[in-house]
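Q: Before anything else, here's the structure in question.
The values are calculated or read from the model by the stated rules, or taken from the named source; none is laboratory data. Predicted model only: the values in this text are computed from it and were never measured. When we count neighbours, we look across all protein chains shown, and the Cβ atoms used for this are built from the backbone with ideal geometry, even at glycine. Ligands, DNA and RNA are stripped out before the accessible areas are found, and what is left, the full protein with its side chains, is counted by its heavy atoms. Shrake-Rupley method; radii C 1.70, N 1.55, O 1.52, S 1.80 Å.
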Amino acid sequence: MADLCAVVLAAGEGQRLRPLTELLPKALCPVGNVPLLDLALARVAGFDLRGPADVAVNASYLGEQVVAHAGDRAHLSVEPDGPLGTSGGVGNLRDWIGGRGVLVANADAYLAGGDPGALLAGWDGETVRLLGQPVRDTSQPGLFSGHRFAGLSLLPWRRVRDLDATPAELVRTVWRPAEAAGELEVVPFDGVFIDTGTPHDYLAANLHAAGHNLVAGTVTGRCVRSVVGAGATVAGDVVDSVVWPGAVVAAGEHLDHAIRAGRHLTVAGR
């Protein structure tokens, strides 16, 4: 669609993933040996949105890493005084959006299977749409028509043009007001969705991506249902774990449901 653009939200600090995010911003943490940002850019490319004319990426925490990684693949929106949140990040891009509808993608969302493209099918350009995953317990907070938000939303320009470039979240400025006005649609997603914001969920996304084993490094020890990044060395045992690119698991070490970065940083994923 000529009147649609995409904003990939990659400015967050990822506090719950610390100390991993002291090394990398959350958007660059690898899932299945691919940075989350790259997965998100591939996802919006599935909507035929590519390049800096049609795709923007915002950056704040460790923003220089995000900027360098995104390069010329997207228009870059730097928030130097701290993340503006999901609403402020979009509001900061109003001039670039310039009257178009906006596909907003959370960089920290892991999606597999299903059809995210259904979000756009038959869209009238006026309603707000959310990709949603049905839940059994519909009494839990934060749901939309019995669904939890699954990382992609579609916003008409009329809901974007008045957003301020100040810290705020789309759930307050756009989604709930649209819901109250009867102008919010939830498009069900029947694939796998994982919000990678905690070590437990980040590990779960990696293990789903791995299948059995996903190895790009050197393994001379034991590796079971794990992800081993490029340049990593595993001489010990890793089970249901993630070894970041360049990391080391020495002989005699045993990782079980854990994430290893560098030579010694280990974060439990249970």
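Q: Out of the residues in segment 230-248 that are buried (at least 21 other Cβ atoms within 10 Å of the Cβ) and touching a Pro at 6+ places or on another chain (Cβ under 9 Å), which is farthest from ARG16 (Cα to Cα)? Give the derivation first.
A: To start, the set of residues in segment 230-248 that are buried (at least 21 other Cβ atoms within 10 Å of the Cβ) comprises 232, 234, 238, 241-244, 247.
Now narrow it down to the ones that are touching a Pro at 6+ places or on another chain (Cβ under 9 Å): 232, 242, 244.
Details: ALA232: 24, VAL242: 17, TRP244: 18 Å.
Result: ALA232.
Q: Here's a follow-up. If TRP157 satisfies every condition in (1) open to solvent by less than 20 Å² (accessible area, probe 1.4 Å); (2) aromatic (Phe, Trp, Tyr); (3) farther than 18 Å from ILE259 by Cβ but one, which is the exception?
A: (1)
Q: Would it be correct to say that ALA112 is under 16 Å from the mean Cα position of the chain (by Cα) and modelled with pLDDT of 95 or more?
A: Values: under 16 Å from the mean Cα position of the chain (by Cα): yes; modelled with pLDDT of 95 or more: yes.
Against the criterion (under 16 Å from the mean Cα position of the chain (by Cα) and modelled with pLDDT of 95 or more), ALA112 qualifies.
Q: Considering only residues that are more than 26 Å from the chain's Cα centre (by Cα) and crowded, with 19+ Cβ neighbours inside 10 Å, which ones fall in segment 249-267?
A: Listed by number, the list holds a single entry, VAL249.
Q: Shifting gears a bit: So how many residues does segment 188-231 have that are of a type in the set (A, V, I, L, M) and under 15 Å from PRO35 (Cβ atoms)?
A: Looking only at segment 188-231, we keep the residues that are of a type in the set (A, V, I, L, M), and these are 192, 194, 203-205, 207, 209-210, 214-216, 219, 224, 227-228, 230.
Going one step further and asking which of them are under 15 Å from PRO35 (Cβ atoms), we end up with 205, 209, 214, 216, 227, 230.
Number satisfying all stated conditions: 6.
Q: Here's something else I'd like to know. Looking at (1) open to solvent by less than 20 Å² (accessible area, probe 1.4 Å); (2) within 20 Å of LEU111 (Cβ to Cβ), which is the one condition that is false for GLY46?
A: The failed condition is (1).
Q: As an exercise: evaluate SER87 against (1) in contact with a Lys or Arg (Cβ under 9 Å, 6 or more places away or on another chain); (2) among the polar types (S, T, N, Q); (3) on the phi > 0 side of the Ramachandran plot and give the number of the one condition it does not meet.
A: Failed condition: (3).
Q: If you check SER77 against the conditions, is it in a helix (DSSP H, G or I) and open to solvent by less than 30 Å² (accessible area, probe 1.4 Å)? It would help to see each step written out before you state the result.
A: Values: in a helix (DSSP H, G or I): no; open to solvent by less than 30 Å² (accessible area, probe 1.4 Å): yes.
It is false that SER77 is in a helix (DSSP H, G or I) and open to solvent by less than 30 Å² (accessible area, probe 1.4 Å).
Q: From the residues in segment 208-220 that are small (Gly, Ala, Ser) and surrounded by fewer than 17 Cβ atoms within 10 Å (Cβ to Cβ), which one is farthest from ASP195 (Cα to Cα)? Outline the logic, then answer.
A: Keep residues of segment 208-220 that are small (Gly, Ala, Ser), which gives 209-211, 216-217.
From what is left, the residues that are surrounded by fewer than 17 Cβ atoms within 10 Å (Cβ to Cβ) are 211, 216.
On the way: GLY211: 18, ALA216: 24 Å.
Residue satisfying both the conditions and the ranking: ALA216.
Q: In segment 4-57, how many residues are within 16 Å of ALA74 (Cβ to Cβ), of a type in the set (A, V, I, L, M) and in contact with a helix residue (DSSP H, G or I) (Cβ under 7 Å, 6 or more places away or on another chain)?
A: Filtering segment 4-57 down to residues within 16 Å of ALA74 (Cβ to Cβ) leaves 4-11, 25, 27-28, 35-57.
Of the ones still in play, those that are also of a type in the set (A, V, I, L, M) are 4, 6-11, 27-28, 36-37, 39-42, 44-45, 49, 53, 55-57.
With in contact with a helix residue (DSSP H, G or I) (Cβ under 7 Å, 6 or more places away or on another chain) added as a condition, the list becomes 6-11, 27-28, 36-37, 41, 55-57.
So the count comes out to 14.
Q: Wholly within segment 99-187, which strands (runs of 3 or more DSSP E) include no fewer than the required count, namely at least 2 residues that are touching a Ser or Thr at 6+ places or on another chain (Cβ under 7 Å)?
A: Working: elements: 101-106, 109-112, 128-134, 147-155.
Filter on segment 99-187 gives 128-134.
Q: Just to be sure I understand the filter: pairs with C-beta atoms under 6 Å, separated by 6 or more residues or on different chains, first member in segment 16-27 and under 10 Å from PRO199 (Cα atoms), second member surrounded by fewer than 20 Cβ atoms within 10 Å (Cβ to Cβ). Which pairs pass?
A: Going by the 6 Å Cβ cut-off, the qualifying pairs are ARG16/GLY197; ARG16/THR198; LEU20/VAL267.
Q: Hey, another quick one. Give ASP190, ASP201 a once-over and let me know the one that is assigned to a loop (DSSP other than H, G, I, E, B) and either open to solvent by less than 20 Å² (accessible area, probe 1.4 Å) or within 23 Å of ARG43 (Cα to Cα) (or both).
A: Values: ASP201 fails: assigned to a loop (DSSP other than H, G, I, E, B).
So the residue among ASP190, ASP201 that is assigned to a loop (DSSP other than H, G, I, E, B) and either open to solvent by less than 20 Å² (accessible area, probe 1.4 Å) or within 23 Å of ARG43 (Cα to Cα) (or both) is ASP190.
Q: Residues of segment 5-43 being outside any helix (DSSP H, G or I), surrounded by fewer than 19 Cβ atoms within 10 Å (Cβ to Cβ) and of a type in the set (A, V, I, L, M), which ones?
A: Within segment 5-43, LEU23, VAL34 meet the criteria.
Q: Next up: If the Cβ limit is 9 Å and pairs must be 6+ apart or interchain, which residue in segment 257-270 that is closer than 14 Å to LEU207 by Cα pairs with which residue that is at pLDDT below 95 and open to solvent by less than 50 Å² (accessible area, probe 1.4 Å)?
A: Taking only residues 6 or more apart or on different chains, the pairs are HIS257/GLY269; ALA258/GLY269; ILE259/GLY269.
Q: Also, quick follow-up: Return the total of residues in segment 150-178 being polar (S, T, N, Q), touching a helix residue (DSSP H, G or I) at 6+ places or on another chain (Cβ under 6 Å) and under 27 Å from VAL135 (Cα atoms). Before the answer, list the steps.
A: Taking segment 150-178 first, the residues polar (S, T, N, Q) are 153, 166, 173.
In the following step, the residues that additionally are touching a helix residue (DSSP H, G or I) at 6+ places or on another chain (Cβ under 6 Å) were identified as 166, 173.
Those still in the list that are under 27 Å from VAL135 (Cα atoms) too: 173.
So the answer is 1.
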